[in-house]
Protein chains: 2
Amino acid sequence: MKAIVKIMLRPAVLDPQGKAIAHALSALGFSGVGEVRQGKLITLELDETDAEKARETVKEMCEKLLANTVIEDYEIELEA
Amino acid sequence: MKAIVKIMLRPAVLDPQGKAIAHALSALGFSGVGEVRQGKLITLELDETDAEKARETVKEMCEKLLANTVIEDYEIELEA
C-alpha cells in the first residue's frame, strides 16, 4: 500500500518560500498570480495492506516525525 | 482558480531526503516501511477562470521556474 502525505504550513503561518515563488513568477512576466504556498509531499511504500491500520500508522508518523503540527497541517491519502 | 502542483524527483534519481526519512522512521520503531520519497507541493491562486488556459500557464511556470525537469517530474491539478 502506498501512502501520500501532503504537508502545508497552516494558513495563518507566513510562508516566505511561497512569497519568493510568487515574486519570481511576477519577475518572469506571469501576471494574475495571487497567493502561492509551498509545502511538502511525502510518499511512503508500506507493507501494511489494511487501509485503516495504514492510515493510523501514517498519522502517527506525521505526529511524531513528518509534520510540525504547531505550524503545519497534514493530509493523508492511501493508494492500494 | 486554484492550481496544485506536485513535484517529485524522477524515479531514477536518488532521493537522500526520502532515505533520511525512512531511516528516521525505522529509528522511531516504525517497521514495514519501504521506499520513501519527498517532493514539493505548490499551491497557486490564479485570476484565470478558464481551466485550459490555467493549465497551460501553470505548465509554463513549471517548465520555467517551479520544476527542474532534468531530474523532476511534475503534475498539475486544478480546483475551481
Subset of the range B:1-16, residues open to solvent by 30 Å² or more (accessible area, probe 1.4 Å) and over 16 Å from B:Asp73 (Cβ atoms), comes to B:Met1, B:Lys2, B:Pro16
Would you be able to say whether some residue in the range B:3-15 is more than 9 Å from chain A (Cβ to nearest Cβ), touching a residue at least 24 places away in the same chain (Cβ under 8 Å) and in contact with a helix residue (DSSP H, G or I) (Cβ under 7 Å, 6 or more places away or on another chain)? yes
Can you tell me which residues in the range B:57-68 are part of a loop (DSSP other than H, G, I, E, B) and within 12 Å of chain A (Cβ to nearest Cβ)? B:Ala67
Do we have A:Ile71 as within 7 Å of another protein chain (Cβ to nearest Cβ) and either of a type outside the set (Phe, Trp, Tyr) or free of Cβ contacts under 8 Å to residues at least 40 places away in the same chain (or both) here? no
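Look through A:Glu72, A:Glu63, A:Glu77 and report the one residue that is among the charged types (D, E, K, R), surrounded by fewer than 19 Cβ atoms within 10 Å (Cβ to Cβ) and over 19 Å from B:Gly39 (Cβ atoms).
Details: A:Glu72 fails: over 19 Å from B:Gly39 (Cβ atoms); A:Glu77 fails: over 19 Å from B:Gly39 (Cβ atoms).
The conditions single out A:Glu63.
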So which residues in the range A:37-56 are buried (at least 18 other Cβ atoms within 10 Å of the Cβ) and within 7 Å of chain B (Cβ to nearest Cβ)? A:Arg37, A:Gln38, A:Gly39, A:Lys40, A:Leu41, A:Ile42, A:Thr43, A:Leu44, A:Leu46, A:Glu48
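Only one of A:Gly34, A:Gly29 is out of contact with any Gly (no Cβ under 9 Å at 6 or more places or on another chain), open to solvent by 30 Å² or more (accessible area, probe 1.4 Å), at positive phi and not in a helix (DSSP H, G or I); which?
From the options A:Gly34, A:Gly29, the qualifying one is A:Gly29.
The values are calculated or read from the model by the stated rules, or taken from the named source; none is laboratory data. Please read all numbers here as calculations on a predicted model, not as lab measurements. So basically every Cβ, Gly included, is an ideal-geometry build from the backbone, and we count neighbours across all protein chains shown. Calculation scope for accessible area: heavy atoms of the full protein, side chains included, ligands and nucleic acids excluded. Shrake-Rupley method; radii C 1.70, N 1.55, O 1.52, S 1.80 Å.
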